[in-house]
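The values are calculated or read from the model by the stated rules, or taken from the named source; none is laboratory data. All of these numbers come straight from a predicted model, not from anything done at the bench. Quick reminder, even Gly has a Cβ in these numbers, built from the backbone with ideal geometry, and neighbours come from all protein chains shown. Calculation scope for accessible area: heavy atoms of the full protein, side chains included, ligands and nucleic acids excluded. Shrake-Rupley method; radii C 1.70, N 1.55, O 1.52, S 1.80 Å.
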Amino acid sequence: MAGLANAAKNIGIDAITAAATHISLHAGHPGTTGANELTGGSYARQACAYDAAASGATQNAAQEQFTGLPEQTSSNPITHIGLWSAATAGTFYGSAPLGGAADVFTADASTDVFTAPNHGLADGNRVELEAPSGATLPTGVSANTIYFVRDSATNTFKLAATAGGAAIDITSNGSGVVRFINAKTCNAGDTFTIADGDLDIVFG
């Protein structure tokens, strides 16, 4: 049965990558519509090809370069890559944060504390939250939103809506996945490179 499951995942991934022919850069969470895409300079979406899916995953088949970028400062850095059906306009197929290392967490409404053993996050890190099948995010936070880590310890942390801001009040317990965002700044005219094999698409 595992072989059949992987075969189905591979078919699904290959269908997505056949349709999602271009990738974009975003300074802010793209949400479900592809918001916060970079503009200015010589920025343009890049055509992207992928390896054939295997074991429920694939990756980009060649290096991708975005040249002549507009300046992106520490207050408005590049945070996400998006998938599109066209070089302009088109259909948005989703996004992934730069970096993207993830940990499973639980959250306690009585303390506003998130627990994720050995999470490796530091105060000021940008993160986003996901609710995989069977999980419900705690009330007070949501998916498709960037948060900032505060009060970080080895196994716990709190979240704020802004860097250095007040801890978010969690009003019901919950769980999910916290995903680190390795935000990138750049000077006007810089090039942003995605190496061959660095863009992974996995069917969960």
Return the carbon/sulfur percentage of the accessible area of the chain, one whole number, probe 1.4 Å, all protein chains in place. 51
For the range 148-204: span of alpha carbons on each principal axis (Å, largest first): 42, 34, 21
With a Förster distance of 22 angstrom and the Cβ-Cβ distance between Ser133 and Ala86, calculated FRET efficiency to the nearest 0.05 equals 0.10
The answer for the chain, accessible area per residue at 1.4 Å probe in Å², is 47
Taking the Cα centroid of the range 144-160 and of the range 24-66, what is the distance between the two, rounded to the nearest whole Å? 26
Roughly what angle does helix 2-19 make with the longest principal axis of the chain, taking Cα atoms, 0 to 90 degrees, to the nearest 10? 60
In this structure, the FRET efficiency calculated for Asn6 and Ala52 from their beta-carbon separation, with R0 = 22 Å, to the nearest 0.05, is 0.95
According to the square roots a ≥ b ≥ c of the eigenvalues of the Cα gyration tensor, what is the shape class of the chain, taking rounded for a/c under 1.5, prolate for a/b larger than b/c otherwise, and oblate for the remainder? oblate
Using the charge dipole of the chain (Lys, Arg: +1 at Cβ; Asp, Glu: -1 at Cβ; taken about the Cα centre), state which of Thr136, Pro117, Ala49 has its Cα farthest towards the positive end. Thr136
Just the projected area, averaged over all directions, of the convex hull on the alpha carbon atoms of the range 19-113: how many nm²? 8.5
Rounded to a whole number, what is D in µm²/s for the range 16-56 from Stokes-Einstein with the Kirkwood radius over alpha-carbon pairs (10 °C, 1.306 mPa s)? 132
Convex hull around the C-alpha positions of the range 60-117: the volume in Å³ per residue is 192
For the pair Ala19 and Ala35, the simple spin-label estimate (label points 7 Å beyond Cα toward Cβ) gives in nm 2.3
Helical contribution to [θ] at 222 nm, DSSP H n ≥ 4, -39,500 (n - 2.57), averaged over the chain, rounded to 500: -3000 deg cm²/dmol
